[in-house]
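The values are calculated or read from the model by the stated rules, or taken from the named source; none is laboratory data. Everything numeric here is computed off the predicted structure, so don't read it as measured data. For neighbour counting, all protein chains shown are included, and Cβ atoms are generated from backbone atoms with ideal geometry for every residue, glycine included. Surface accessibility is based on the protein's heavy atoms, side chains included, excluding ligands, DNA and RNA. Shrake-Rupley method; radii C 1.70, N 1.55, O 1.52, S 1.80 Å.
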Amino acid sequence: MKLSNRLQTLHSLVSNDYQHIWDCCCDHGFLGVQLLADNKAPHIHFVDIVPSLMNELEGKLTRYFPQDNSEQQAVTSQWQVYCMDVAAIPLEKHTGRHLVIIAGVGGDLTQKLVDDIHRQHPNKTIDFLLCPVHQQFELRSHLKSLKFSLIDEVLIEENRRYYEILLVSNNSGEAEQSRSVSEISNVGNKIWIPSCDEQVKVSQQYKAKTLQHYLRIHQGQEKQGKPSKVKHIIDAYQAVKP
């Protein structure tokens, strides 16, 4: 199975340091299946609220990744499927390091799900791998207000759409002891430091498209005689030097 550029990039950011990986809003489970095939963690959990999708996924996992109690199974990843609200995932039932992946939904829903999980497990160290479809500035600002730390960030283009991928931790103290982390920026830092000519083009086009989006909102609010709620966002992106 060939992953899309977006899913490949998400996959590349997943280290082997986790005991549990939760592929949330997993749709057809393509990313989680690849993580399972690569034995990225002892336990891979698939979570979505759509019963038909999860029934189909469970059937495929049962067929291609049968689970038993043999010695061979002990060295390969175990999987479990949950048809439930992502906010209700049972992290408290499992020990070890957790990575929660939330991709392919809006920044507002991503923010809500991260909030719910973080609030329900305040004493658990959790890394989040996030790839929101929209509202990246708002999501970043919220994660910053929660004092999450940034482990890594990537900007990619796929099918003429742009995606920010954020790997963050809810426990900056522990994260700082074991790896290099930084403060989350409202507009990003590393994503504006391209490593090749293609990335220069992607970052420039992404900045232009993002500014156009917020300028339209700003102009609409002005026409209605309302104070602009996005002027600070426009200023922040205009200050970026890709």
Note to self: Could you check region 30-53 and list, in sequence order, the residues that are of a type in the set (Val, Ile, Thr) and either open to solvent by 20 Å² or more (accessible area, probe 1.4 Å) or assigned to a loop (DSSP other than H, G, I, E, B) (or both)?
What the structure shows: Val33, Ile49, Val50
Notebook entry, point to check: Limited to region 96-148, what total is found for residues that are among the small types (Gly, Ala, Ser), under 24 Å from Gln8 (Cα atoms) and open to solvent by 10 Å² or more (accessible area, probe 1.4 Å)?
Noted result: 3
Check: Any residue in region 152-166 that is in a loop (DSSP other than H, G, I, E, B), at negative phi and among the polar types (S, T, N, Q)?
Finding: no
Check: Quick one: what pairs do we get from region 84-95, first residue under 18 Å from Asn123 (Cβ atoms), second part of a helix (DSSP H, G or I) and at pLDDT 95 or above, C-beta under 6 Å, 6+ apart or different chains?
Finding: Ala87/Leu113; Ala87/Asp116
Notebook entry, point to check: Does Val181 satisfy being surrounded by 14 or more Cβ atoms within 10 Å (Cβ to Cβ) and modelled with pLDDT of 95 or more?
Noted result: no
Checklist line | Identity of the residue in region 221-241, touching a residue at least 40 places away in the same chain (Cβ under 8 Å) and surrounded by 15 or more Cβ atoms within 10 Å (Cβ to Cβ), that ends up nearest to Lys209 (Cα to Cα) | finding: Tyr237
Next item on the list: Would you be able to say whether some residue in region 106-118 is under 16 Å from the mean Cα position of the chain (by Cα) and part of a loop (DSSP other than H, G, I, E, B)?
Entry: yes
